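The values are calculated or read from the model by the stated rules, or taken from the named source; none is laboratory data. Model, not experiment: these values are computed from the prediction. All Cβ positions, even for glycine, are placed from backbone atoms using ideal geometry, and neighbour counts span all protein chains on display.
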Amino acid sequence: MKKIFLIIAIMLGTAIPAQASLPDCETIAAQVGQQAGLPPLIMPAIARIESGRKIDGERRAWPWALNHAGKSLYFETQASALSYLKKATVNGRTNIDVGCMQINHYWHNEEFQSLDLMMDPKTNVTYAVKFLKELYAKHGSWAEAVKHYHSPDEERGMRYLTGFDVAFNTMKSTGLISNTSLLRTPHATNFFSFGTSDKQSVEMGLGLMMSSTEKAANADANNAAYLHLIASLGPEVNNGEIRIFPVFNELAEPSQVRGVLHAKWSQVQAMRKALSRD
């Protein structure tokens, strides 16, 4: 009987430190996001959606999470998750989302020096912040950035954004960030209306809660952008039964792409050359 109690005591004694040492994806995401100047809660909310695991009735982002071709896998240790990831990728199976922020191996593996770093919570989150900021710069709002973090497909992006908004508001209401002044959001608004402490205007993902003046300015900007797009198409040229619109937009450069496109850039150039022939 004493041996049994000893075994139980050892098990309990080792279980607590192991759990206590588990990296907290959401805390790391909040800290790294804040250091990078992102709106508070945006990164931990994404982390919870991406790698969330329900334990004791509470859903939290899990650092040793993988998603292999749509199947969610949660490992108890970093070593076991890495073992699975390394075996899968060696065998050519690369459609795997990795870690706290579920960075896809197929598209982003070249941004990491090793699989160990791709799985590392701090490195994983840091890259996700960089990627989200690039999406924001490209698409012009945090709502669009969040949608495209998940998928460029509009329908899938909107479904994801709906889930994100739930996670965001849950974290906001439960006080994940104790200093509520850090939220810098207007009264009675949600994620779609992030504001700043020194401005009355707000950045809108879907154009919600804009004043009439802001909406008019936004409409003028959209009209100007549309006219610029039409002008860039150039004159209409008739050619038999089809119409050809010359396009003068600049082509992407190697520094503007990543992942598979960057790795296969020579093939992209070859295709461009073939298409440019008369």
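Sub-6 Å Cβ pairs linking a first residue in the range 249-278 that is more than 15 Å from residue 107 (Cβ to Cβ) to a second residue that is aromatic (Phe, Trp, Tyr) and at pLDDT 70 or above, at least 6 apart or interchain, are 254/265, ordered by first then second residue. The set of residues in the range 160-189 that are within 16 Å of residue 38 (Cα to Cα), in contact with a helix residue (DSSP H, G or I) (Cβ under 9 Å, 6 or more places away or on another chain) and at pLDDT below 85 comprises 176, 177, 180, 182, 183, 185.
Here is a yes/no grid of residues against (1) under 18 Å from residue 28 (Cβ atoms); (2) assigned by TED's automatic domain parsing to the domain that holds residue 47; (3) not in a helix (DSSP H, G or I):
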| site | (1), (2), (3) |
| --- | --- |
| 81 | yes, yes, no |
| 85 | no, yes, no |
| 110 | no, yes, no |
| 113 | no, yes, yes |
| 124 | yes, yes, no |
| 128 | yes, yes, no |
| 136 | no, yes, no |
| 143 | no, yes, no |
| 146 | no, yes, no |
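Each residue in the range 8-30 was checked for being in a helix (DSSP H, G or I), of a type in the set (Gly, Ala, Ser) and either surrounded by fewer than 10 Cβ atoms within 10 Å (Cβ to Cβ) or at pLDDT 95 or above (or both), and 4 of them qualify.
In the range 31-45, of all residues being touching a helix residue (DSSP H, G or I) at 6+ places or on another chain (Cβ under 7 Å) and under 18 Å from residue 61 (Cα atoms), the one that is modelled with the lowest pLDDT corresponds to 40. Pairs are defined by a Cβ separation below 8 Å, a sequence spacing of at least 6 or placement on different chains, a first member in the range 37-55 that is of a type in the set (Lys, Arg), and a second member that is assigned to a loop (DSSP other than H, G, I, E, B) and at pLDDT 95 or above; the pairs so defined are 53/62. When 106, 74 are checked against the criterion of being within 22 Å of residue 159 (Cβ to Cβ) and among the hydroxyl-bearing types (Ser, Thr, Tyr), 106 stands alone in meeting it.
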